[in-house]
Amino acid sequence: MYKPIELFAKVLLPLGALVTAGLVVAQDPVPVLSAQAALAAYDTDKDGTIDQNEADVAAGAVFDKLDVDKDGTLDEKELQGRLTKAQFREADPDNDNTLTKNEYMVIVAKTFRTANPDNDSTLDAKELQTAAGRALLRLLQ
C-alpha cells in the first residue's frame with residue numbers, strides 16, 4: 001500500500017504532468033474565430049465566402065499589426081504561434097529567421113489553396129472549419 005507521500009510522488013505527480021502537457025499541446029496557440037465570425041470579419045463583398053483578395057487584405061493588416069518594431073519583418077516571436085516551426089522554415093527561403101511581408105503573403109496564399117480543395121477560389125464556412133481553414137484563419141487574425 002502506498003503512503004501518502006509515495007502516492008503523490010509516484011502516481012499523482014507524473015499523472016498531473018501528463019495531463020497538463022496534454023492540455024498545453026491541445027490548445028491553439030492563437031485562438032481561431034469561428035467560420036461565421038471569420039466570414040463576418042473578412043467577407044467584405046458579403047457573398048458568403050472569403051476569396052484570395054479578402055484574405056490578402058486581412059493578412060496584410062495582421063502583418064502590419066504584428067510588426068511591432070516596424071522593421072518590415074516578423075520573427076517567430078512576433079508571429080505568436082501562427083506558424084509551426086516547419087511552416088516558418090518553409091516560408092523563410094532565405095533562412096534569415098524572419099519573414100518579410102512578401103514571404104508572409106506567400107504562405108498565406110499557399111494555405112488558402114490548401115484550404116480550397118474544390119479550387120473555386122473562395123472559402124465557405126465548411127472549408128474554414130477544416131484544419132487547413134483554421135490554419136489560414138490563424139494567419140488572418
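The values are calculated or read from the model by the stated rules, or taken from the named source; none is laboratory data. These numbers come from a predicted model, not from an experiment. Please note: Cβ atoms are built from the backbone with ideal geometry, for glycine as well, and neighbour counts cover all protein chains shown.
Odds and ends about this structure:
Matching residues to (1) farther than 18 Å from Val30 by Cβ; (2) part of a helix (DSSP H, G or I); (3) modelled with pLDDT under 95; (4) hydroxyl-bearing (Ser, Thr, Tyr):
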{"position": "Asp69", "(1), (2), (3), (4)": "yes, no, no, no"}
{"position": "Glu78", "(1), (2), (3), (4)": "no, yes, no, no"}
{"position": "Arg82", "(1), (2), (3), (4)": "no, no, no, no"}
{"position": "Arg89", "(1), (2), (3), (4)": "yes, yes, no, no"}
{"position": "Asn97", "(1), (2), (3), (4)": "yes, no, no, no"}
{"position": "Ala109", "(1), (2), (3), (4)": "yes, yes, no, no"}
{"position": "Glu127", "(1), (2), (3), (4)": "yes, yes, no, no"}
{"position": "Leu137", "(1), (2), (3), (4)": "no, yes, no, no"}
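- Hey, Thr122 more than 18 Å from Asp43 (Cα to Cα) and polar (S, T, N, Q) or not: no
- Count of segment 88-109 residues which are of a type outside the set (Phe, Trp, Tyr) and in contact (Cβ under 8 Å) with a residue 40 or more places away in the chain: 4
- Selection of segment 110-128 for residues being loosely packed, with under 15 Cβ neighbours inside 10 Å and touching a residue at least 24 places away in the same chain (Cβ under 8 Å) yields Ser121, Lys126.
- Subset of segment 34-67 [part of a loop (DSSP other than H, G, I, E, B), without any contact (Cβ under 8 Å) to a residue 60 or more places away in the chain and surrounded by 15 or more Cβ atoms within 10 Å (Cβ to Cβ)]: Asp43, Asp67
- Given (1) at negative phi; (2) in contact (Cβ under 8 Å) with a residue 12 or more places away in the chain; (3) not polar (S, T, N, Q), number of the condition Gly72 does not satisfy: (1)
- Out of Glu90, Glu78, Glu103, one residue alone is farther than 26 Å from Lys126 by Cα and out of contact with any Asp or Glu (no Cβ under 8 Å at 6 or more places or on another chain). It is Glu90.
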